[in-house]
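The values are calculated or read from the model by the stated rules, or taken from the named source; none is laboratory data. These numbers were taken from a predicted model, which means no experiment stands behind them. Cβ atoms come from the backbone with ideal geometry, glycine included; neighbour counts cover every protein chain shown.
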Amino acid sequence: MLAMEKDVDPKLRVQGTNNNKVDDEKNCNSSSNGGASNNILKSKSFSFRAPQENFSIEDFELGKIYGVGSYSKVVRAKKKDTGKVYALKVMDKKFITKENKTAYVKLERIVLDQLDHSGVVRLYFTFQDTFSLYMALESCEGGELFDQITRKGRLSEDEARFYTAELVDALEYIHGMGLIHRDIKPENLLLTKDGHLKVADFGSVKPLQDSRITVLPNAASDDKACTFVGTAAYVPPEVLNSSPATFGITSLFFLTYSNRNDIWALGCTLYQMLSGTSPFKDSSEWLIFQRIIARDIRFPNYFSEEARDLIDRLMDIDPSRRAGAGPDGYAAVKSHPFFKGVDWSNVRAETPPKLALKTGAHSSDGDDHSDSSQNPTHLRNGSGRQNDGPLSAESSGHITRLASIDSFDSKWYFPMSCYFFSMCS
């Protein structure tokens, strides 16, 4: 992922650095598209826009945990000398190496470095120490879209239309760059302080053959896609139908991934905004899978005809017939009656819905001082998830505030396929 020091495991070393210092305050919302190519561009060296800095974790004041992933935690971090706030992604080197995730981390760093759109979180710089890799990302103080859905119970159709339009705008850009996100869901859609939506968490990203992203040869760009990634409730049926996890088969399958998977997840996300729950919610992942394969979608009676129709089109059982998957691309989505009145040329200039604050919160500036998580030692006890492991002996002497990130959850591998797919990745 980074240009590592000489004494660091070579597996965690990426060629190419940029020694220019980052300007913390500018270019937060630029939106150029970059150059094009007919194939995945590979380079033996790379000059990063977001440089590797010689910072230390002691240069930051750490706040609340934003989220927990399979090998990382994201925390609010304020740079002591500038006061600039970031979402700091902290990744455990030992775990990454042990679980053969090096290529995925490198790819996420490279992709984020090249994406430049107001609907995608910005990577500002990276740094590292003996035990951890750090990515300083744009801090979205409005929190997750998931939190807004939870706090409000469900969103109004006007609110859902606003967020869905901004998500469509971002996905059109991401897919235009030849990338599949592969984990679109409300938890990975962040809101700025003023309420605009940004796509985050590119840890599952995959470049297609026509990608406009330049990758390094040892980044996970041209794998056979046999790794089952994503989140259970948002995985499309074509992926499940090509997966041994679905049927308990141990022969090799190549999973079906395309940008149509993200379109399906877009439909799931719109459904969840309007209803307050995912369309295939059930008591186990196995039952969720069965409902997805059967396309067992149950619409509440308060859904408008336009909302139902759009969700039906986005979640067509035939991937080739999904809205946005045909020759007209996203024009077929934008022209749907659900989006009547949306000015697509100025979609991000519209006034966002009012954010629902956390119960008991007195401000929306991200400095919730009444929150005990502002004490950095809150990381010492992990995230509270059942899958969080204890501190490794090697890491126990490291800064205790950055305690265990050796968790391994179903975001990356569903339980039934864990053993099989760990051999494929």
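If I go through segment 343-374 residue by residue, how many of them are modelled with pLDDT of 50 or more and of a type outside the set (A, V, I, L, M)?
Residues of segment 343-374 modelled with pLDDT of 50 or more: 343-360.
From what is left, the residues that are of a type outside the set (A, V, I, L, M) are 343-346, 348, 350-354, 358-360.
Summing the residues that are modelled with pLDDT of 50 or more and of a type outside the set (A, V, I, L, M) in segment 343-374 gives 13.
Could you list all residues from segment 128-147 that are of a type in the set (Phe, Trp, Tyr) and closer than 11 Å to TYR86 by Cβ? Step through it out loud before you land on a result.
The first filter runs over segment 128-147 and keeps only residues of a type in the set (Phe, Trp, Tyr), leaving 131, 134, 146.
TYR134, the sole residue that qualifies.
Yes or no: ASN54 more than 20 Å from ASP183 (Cα to Cα), modelled with pLDDT of 50 or more and surrounded by fewer than 17 Cβ atoms within 10 Å (Cβ to Cβ)?
yes
Kindly provide the set of residues from segment 125-144 that are touching a Leu at 6+ places or on another chain (Cβ under 7 Å) and either hydrophobic (A, V, I, L, M, F, W, C) or on the phi < 0 side of the Ramachandran plot (or both), ordered by number.
Within segment 125-144, the subset touching a Leu at 6+ places or on another chain (Cβ under 7 Å) is 126, 128, 132-137, 140, 142-144.
Matches in segment 125-144: THR126, GLN128, SER132, LEU133, TYR134, MET135, ALA136, LEU137, CYS140, GLY142, GLU144.
Is it fair to say LEU133 is in contact (Cβ under 8 Å) with a residue 60 or more places away in the chain and under 25 Å from GLY176 (Cα atoms)?
In short, no.
For segment 273-294, name all the residues that are assigned to a helix (DSSP H, G or I) and closer than 12 Å to PRO237 by Cβ.
Step one: filter segment 273-294 for residues assigned to a helix (DSSP H, G or I), giving 273-275, 285-293.
Scanning segment 273-294 gives ILE288, PHE289, GLN290, ARG291, ILE292, ILE293.
So is ARG298 touching an Asp or Glu at 6+ places or on another chain (Cβ under 9 Å), more than 15 Å from LEU310 (Cβ to Cβ) and modelled with pLDDT of 95 or more or not?
Numbers: touching an Asp or Glu at 6+ places or on another chain (Cβ under 9 Å): no; more than 15 Å from LEU310 (Cβ to Cβ): yes; modelled with pLDDT of 95 or more: yes.
So ARG298 fails the test.
Residue by residue, here is whether (1) assigned by TED's automatic domain parsing to the domain that holds THR231; (2) farther than 23 Å from GLY230 by Cα; (3) charged (D, E, K, R); (4) surrounded by fewer than 21 Cβ atoms within 10 Å (Cβ to Cβ) holds:
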site	(1), (2), (3), (4)
LEU88	no, no, no, no
ARG122	no, no, yes, no
THR126	no, yes, no, no
ASP129	no, yes, yes, yes
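Return only the number of the condition from (1) under 21 Å from VAL229 (Cα atoms); (2) surrounded by fewer than 22 Cβ atoms within 10 Å (Cβ to Cβ) that LYS193 does not satisfy.
If we test LYS193 against (1) under 21 Å from VAL229 (Cα atoms); (2) surrounded by fewer than 22 Cβ atoms within 10 Å (Cβ to Cβ), just (1) comes out false.
All but one of (1) closer than 28 Å to SER118 by Cβ; (2) at pLDDT 95 or above hold for ILE292; which doesn't?
Checking ILE292 against (1) closer than 28 Å to SER118 by Cβ; (2) at pLDDT 95 or above, the one that fails is (1).
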